[in-house]
1. Output the qualifying pairs, or none if there are none: Cβ atoms under 9 angstrom, residues six or more apart or on different chains, first residue in the stretch 253-276 and assigned to a helix (DSSP H, G or I), second residue of a type in the set (Asp, Glu).
2. Hey, any hits in the stretch 131-154 for a residue that's in contact with a Pro (Cβ under 7 Å, 6 or more places away or on another chain) and of a type outside the set (A, V, I, L, M, F, W, C)?
3. Any chance you could count how many residues in the stretch 54-102 are charged (D, E, K, R), without any contact (Cβ under 8 Å) to a residue 12 or more places away in the chain and in a loop (DSSP other than H, G, I, E, B)?
4. Would it be correct to say that ASP99 is touching a Lys or Arg at 6+ places or on another chain (Cβ under 7 Å), buried (at least 20 other Cβ atoms within 10 Å of the Cβ) and either over 24 Å from ARG322 (Cβ atoms) or not hydrophobic (A, V, I, L, M, F, W, C) (or both)?
5. If you check VAL118 against the conditions, is it in a strand (DSSP E or B) and surrounded by 21 or more Cβ atoms within 10 Å (Cβ to Cβ)?
6. Give me the strands (runs of 3 or more DSSP E) completely within the stretch 165-237, filtered to those with at least 2 residues that are in contact (Cβ under 8 Å) with a residue 60 or more places away in the chain, among the aromatic types (Phe, Trp, Tyr) and in contact with a Lys or Arg (Cβ under 8 Å, 6 or more places away or on another chain), ordered by residue number.
7. Show the residue pairs meeting these rules: Cβ distance below 9 Å; 6+ apart or different chains; first residue within the stretch 135-152 and part of a strand (DSSP E or B); second residue modelled with pLDDT of 95 or more and surrounded by fewer than 16 Cβ atoms within 10 Å (Cβ to Cβ).
Amino acid sequence: MFFGFRRGTAPSVQKNKKIQESILCSISIFSLNTCISMARQTRALPKIAASLHDDAVHREKVLHAVRGSLRNCLSETHLERTVPGLRSKARGKVRDVYDAGDYLVLVTTDRQSAFDRVLASIPFKGQVLNETSLWWFNMTQHITPNAVVSTPDKNVTIAKKCSVFPVEFVVRGFVTGSTDTSLWTVYNKGLRKYCGNVLPEGMVKNQKLPTNILTPTTKAVDHDVPVSPEEIVKLGLMTQDEYDEVSSKALNLFAYGQQVALEHGLLLVDTKYEFGKGSDGKILLIDEVHTPDSSRYWIADSYEEQFSAGLEPENVDKEFLRLWFKNHCNPYDDKVLPVAPEELVCELAWRYIFLFERITNTKFKLPETQEQIHDRISKNVSHALSCM
């Protein structure tokens, strides 16, 4: 994802090389128990139970709209052809990014990615991701400034151009996951020193870590590659001061996200953040924040029971779709992937909307007309840029 141009080129780092142990910078972070305590002390919004099936009528209404929009997903955009002043396009796995001079126009599509490739298109996904991110960007300004300038469309954010750090800051609270770089995958292979963290023996999948940890990654070709804090500085990806500031922001963002999620009956399990520098040298939060694409969420009330029974937690993210592909193909190596079942696509759309509504305490506004999404976006972006 680009909010500007990555500063430097990330070197290739072997996934299985022995990562040197380093001391994780001393930063105050919240454990799950701390989050629970803070949630109980919060009077503005008490902790509430969450369930994917509590409101059957609303769920069916959403699923009906999703089924009706399966053929109207925003899978690709070409604003360079329809909006005057846009200079170029960069296509990410989910977002299409356009150069508008001093700004970038970021269009969140309905593409669903995992395993470093696009798996499907999910109705309303672009809108719900964009709106979820914007809510979190607004709620986290007390922790860090961000690059957002305006939001002219449900699927669009206009942002400041940044010099982007070539490091993704992945923060984890649990040992889980199914991809090659997930913490459970590497832990299950016997690795106990990971990205500068020493992991305890005897942990099992989906277990809570003793404390939240940072596991940064950088890019080599199209894959995320784990990297230690020492390597980040040694390889010139960031200065020590930059790393210290960004790592502190990332851990504090995650702690705050855990607190807010728990107040709404959810566990924020892990996530990734990206940062860059604005033209004034200020470090800004970019990309997306605490979305079900960049994060794992579990239902809080059922976690202990599911974990004790050796079952997967109730998730409100794309993990169940990841697991379906892992069970039906080799998602990393197969040239052609199976088509995701319609029922899974619809269920994922519902879970993303459920998460948005649960976190923001607002109803997701389903599109009221059959206007082509690309036409609507072109019109709204053209108007916004003409006023800037």
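The values are calculated or read from the model by the stated rules, or taken from the named source; none is laboratory data. This one's a predicted model, so the numbers in the text were calculated from it and none came from an experiment. Heads up, the Cβs are rebuilt from the backbone with ideal geometry, glycines too, and the neighbour counts pull from every protein chain shown.
1. PHE254/ASP270
2. No - not one qualifying residue is present in the stretch 131-154.
3. 3
4. Answer is no for this residue.
5. So VAL118 does not fit the description; no.
6. By residue number, 169-175.
7. As it stands, the answer is ASN146/ASN138; VAL148/ASN138; PRO152/HIS383, since those pairs meet every condition given.
Quick grid of which residues meet (1) over 13 Å from the mean Cα position of the chain (by Cα); (2) crowded, with 17+ Cβ neighbours inside 10 Å; (3) closer than 20 Å to LYS205 by Cβ:
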| residue | (1), (2), (3) |
| --- | --- |
| GLN258 | yes, yes, yes |
| THR271 | no, yes, yes |
| LYS282 | yes, no, no |
| ARG296 | no, yes, yes |
| GLU314 | yes, yes, yes |
| HIS328 | yes, no, no |
